[in-house]
1. Picking from ILE184, ILE267, ILE166, ILE255, which residue would you name as being more than 30 Å from GLY36 (Cα to Cα), of a type in the set (A, V, I, L, M, F, W, C) and out of contact with any Asp or Glu (no Cβ under 9 Å at 6 or more places or on another chain)?
2. Would you mind finding the one in LEU24, LEU33, LEU99 that is within 25 Å of VAL244 (Cβ to Cβ) and part of a helix (DSSP H, G or I)?
3. VAL38 is checked against (1) over 17 Å from the mean Cα position of the chain (by Cα); (2) assigned to a helix (DSSP H, G or I) and fails just one. What number does that condition carry?
4. I'd like to check something: does the range 199-220 contain any residue that is at pLDDT 90 or above and among the acidic types (Asp, Glu)?
5. Out of LEU245, LEU218, LEU225, I need the residue that is in contact (Cβ under 8 Å) with a residue 40 or more places away in the chain and either surrounded by fewer than 20 Cβ atoms within 10 Å (Cβ to Cβ) or among the hydrophobic types (A, V, I, L, M, F, W, C) (or both). Which one?
6. Pairs under 7 Å by beta carbon, first residue under 15 Å from PHE229 (Cβ atoms) in the range 275-292, partner in a loop (DSSP other than H, G, I, E, B) and of a type outside the set (D, E, K, R), six or more apart or different chains?
7. If a residue has to be closer than 30 Å to PHE165 by Cα and either surrounded by 15 or more Cβ atoms within 10 Å (Cβ to Cβ) or free of Cβ contacts under 8 Å to residues at least 40 places away in the same chain (or both) to count, how many in the range 67-125 make the cut?
Amino acid sequence: MKKLVHDFFDRYFHDEESIILVLLLSVALLVLLSLGNVLAPLLTAIVVAYLMQGLVNVVLKYGLSARAAFGLVYALFFGLFLIGLFYLLPRAWDQLRRLVGELPNLLSEWQASLMLLPERYPSLFSEEQIQEFILGVRGELGSYGQFILEYSLASIPGIINWIIFIILVPILVFFVMKDKSQLIEWAGNFLPRNRPLMSKIWVEMDHQIANYVRGKGLEILILGLASFFLFEVLGLNYALLLSVLVGLSVVVPYIGATVVTVPVAAIAYVQWGMGGEFYTAIIAYGILQLIDGNVLVPIIFSEAVNLHPVAIIASVLVFGGIWGLGGVFFAIPLATLVKAVINSWPSKVAHGELQHTQEG
């Protein structure tokens, strides 16, 4: 056993940089697990500044100075931030409040519609089955309602944290973007001067994360706007709230689009019943999802993240369970980081084989 452990460490931890990288990753993971909530505004600001740097690089190609490019991109970010905070968020919240207030009436209409199924399809449904199903759903909704009430009372102190978060993020984004070079130089002082392994991992991750996160943000924006206009044209109730859900559904691959179909279909069914308008809405929504998956995604993501679907779903479950919605959004980049570290990790056997090949 001692020899096995010795051979393992001799094979994978034979150089100084690999040991330092393990220590850095361990410290970073420990800090995120213990102080993730406290550092959330700073981490969010770093991510947003990283995303905005791509726009800064694009603007610089048109001959603007670095100061002017920074000012233009930050003004764009701050404008979108204010629109989301003071226009979209209040309207979405108002629709959610209306939906919760109308939920008893919607449930009554939904129950009446379900009770017609045994008359229309007696060979498929019986009245007893429908009654049991309705009682089960009402029981589940009652438990969720109690949970929401308890959560809303317990989360009153969290409102203060959200206010602090909203105030701090734009300020931190400004300074992170403005002093990017100084911050990178300061962080580099904690790393070894000779770091080929870290440089290789960073080059791969910089391209992969930039391509994925910026593309995913653009996909959320386009799909959210397209679904909003679609629902408005169809006259579907709660169009803004549903379009926000549809846009955010792309954060969770393979699962989000399926899950968000349930509220879209439920609201359309309660509003129109099993008529032509209902089928039109469902078909139009299905076409929108097909365009997103087969046209929009290939255009936005010039280089797809090469991960197996099982690895993607597993990463969503793991990182989502650790960090919630933020972990879900960054599950694929984090999984790509893990893959890049594994692929780039130095192995003494591989290194010896490479030397032997070069000598031959």
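1. The match here is ILE267.
2. Values: LEU24 fails: within 25 Å of VAL244 (Cβ to Cβ); LEU33 fails: within 25 Å of VAL244 (Cβ to Cβ).
The match here is LEU99.
3. (2)
4. If we filter the range 199-220 for residues that are at pLDDT 90 or above, which is where we start, we get none.
So far as the range 199-220 goes, no, none of its residues is at pLDDT 90 or above and among the acidic types (Asp, Glu).
5. Selected residue: LEU218, the only one of LEU245, LEU218, LEU225 that is in contact (Cβ under 8 Å) with a residue 40 or more places away in the chain and either surrounded by fewer than 20 Cβ atoms within 10 Å (Cβ to Cβ) or among the hydrophobic types (A, V, I, L, M, F, W, C) (or both).
6. Going by the 7 Å Cβ cut-off, the qualifying pairs are ALA281/LEU236.
7. Summing the residues that are closer than 30 Å to PHE165 by Cα and either surrounded by 15 or more Cβ atoms within 10 Å (Cβ to Cβ) or free of Cβ contacts under 8 Å to residues at least 40 places away in the same chain (or both) in the range 67-125 gives 30.
Residues checked against (1) surrounded by fewer than 19 Cβ atoms within 10 Å (Cβ to Cβ); (2) closer than 25 Å to ASN211 by Cβ:
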site	(1), (2)
VAL251	no, yes
GLY256	yes, yes
VAL259	yes, no
VAL264	no, no
GLN271	yes, no
MET274	yes, no
GLU277	yes, no
ALA281	no, no
TYR285	no, no
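The values are calculated or read from the model by the stated rules, or taken from the named source; none is laboratory data. Here the structure is a predicted model, which is why all the values come from computation and not from measurement. As a convention, Cβ positions derive from the backbone with ideal geometry for all residues, glycine included, and neighbour counts pool all protein chains shown.
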